[in-house]
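Below is one structure; the comments refer to it alone.
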Amino acid sequence: MPLGSSSSAIYLQTSALGSSANPGRALPTVTVHPVALFSILDHFLRRTDSQDRVIGTLIGTRNENEVEVRNCFAVLHSETSEQVAVDIEYHHSMFELHHRVNPKEVIVGWYSTGSNLNTYSALIQNFYSQETAPHQAVHLAMETGLQEGTQVGVKAYVSSPLGVYPKAENCVFIPIPLELRFREAERSTLDLLTSPHSPLAPLTDLDVLSETLQSVSAMIDRVLAYVRSVLAGEVEGDAAVGRYLLDTLNTSVKGMDSGLNSHLQDTLMVSYLANLVRSQVEVSSRLALVT
């Protein structure tokens, strides 16, 4: 994300900085769950007209080389041309409540909307660095794409002090790898939310199964078209793609038919029971009106 013209923060590429900013400490990789991203967008949509951006606390787990952002919560703050104020008591109260429910999750950093990394961002980063000490605080910057010339996206940063006698408002923001992680059970919901023509009601299991089969059929057609083009000499074959297709076709599919039939039967049974319960409720309501 490009910095705004009024930014006073320094932006360096990871390869340019190397290991000199944090000698002996490897830059972490950040994985984000969809729940955290949707919470950030919801916070941004609920902002007041006077707020240019919103901030909040990132909650998750960490190990030596990876930070996993599982959730987040909003933090009250205000920014003017002269100062920035963060409600620290509210931040601590919210984290204490969250920690009671999920004791294994800790503060891993903070988020903000927009791409402008300025002096205020450095001050907030300094506060969260104290909250996550001795670990580095991760800053998640989400661009909502509402401003002209910007695109929706999210990036992750860590910071490093700048100067011989570093101050809180002077730091280097270093981009680090970011990955979106979700479970297979969440895929259908994400596809529904990201679809440009999403229906008003959630899809049933049969609709999800139908769309999955259509997607698999489309992928098979695409593979067949590629193979036929290679055999006809229209396209130069790729050895890596050929080996991958060969390994995939040689994979044992024993038991796939029985598994698919079992899942289909379960889906039909659930659909039948749901219709039966719905009919029974309607009959009961009508009998109640008659009596």
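Look at region 196-223: where a residue is among the aliphatic types (A, V, I, L, M) and a partner is open to solvent by less than 90 Å² (accessible area, probe 1.4 Å) and at pLDDT below 75, sitting 6+ places away or on another chain with Cβ atoms under 7 Å, you get LEU203/SER188; LEU203/LEU192; VAL208/SER188. Restricting the first member to region 140-165 and to residues that are under 14 Å from SER112 (Cβ atoms) and open to solvent by 60 Å² or more (accessible area, probe 1.4 Å), and the second to residues that are of a type in the set (Asp, Glu) and in a strand (DSSP E or B), no beta-carbon pair is closer than 7 Å while six or more apart or on different chains. Annotation note: Cβ proximity below 9 Å between a residue of region 116-137 that is not assigned by the TED database to the domain that holds THR150 and a residue that is assigned to a loop (DSSP other than H, G, I, E, B) and open to solvent by 40 Å² or more (accessible area, probe 1.4 Å) (sequence gap 6+ or interchain) occurs for no pair.
Against the list (1) surrounded by fewer than 19 Cβ atoms within 10 Å (Cβ to Cβ); (2) assigned to a loop (DSSP other than H, G, I, E, B), the condition GLN130 fails is (2). For region 1-43, residues that are at pLDDT 50 or above, open to solvent by less than 60 Å² (accessible area, probe 1.4 Å) and over 15 Å from SER159 (Cα atoms) total 9.
Among the residues of region 166-177, those that are at pLDDT below 80 and either open to solvent by 40 Å² or more (accessible area, probe 1.4 Å) or outside the structural domain of GLN125 (by the TED database) (or both) comprise PRO166, LYS167, GLU169, ASN170. Can you confirm whether region 44-66 contains a residue that is open to solvent by 40 Å² or more (accessible area, probe 1.4 Å), part of a helix (DSSP H, G or I) and farther than 16 Å from HIS139 by Cβ? Within region 44-66, one or more residues are open to solvent by 40 Å² or more (accessible area, probe 1.4 Å), part of a helix (DSSP H, G or I) and farther than 16 Å from HIS139 by Cβ.
The values are calculated or read from the model by the stated rules, or taken from the named source; none is laboratory data. Just so it is clear, the structure is predicted and the values come from calculations on it, not from any experiment. A quick note on method: Cβ atoms are made from the backbone with ideal geometry, for glycine too, and the neighbour counts reach across all protein chains shown. The accessibility values were calculated without ligands, DNA or RNA, using every heavy atom of the protein model including side chains. Shrake-Rupley method; radii C 1.70, N 1.55, O 1.52, S 1.80 Å.
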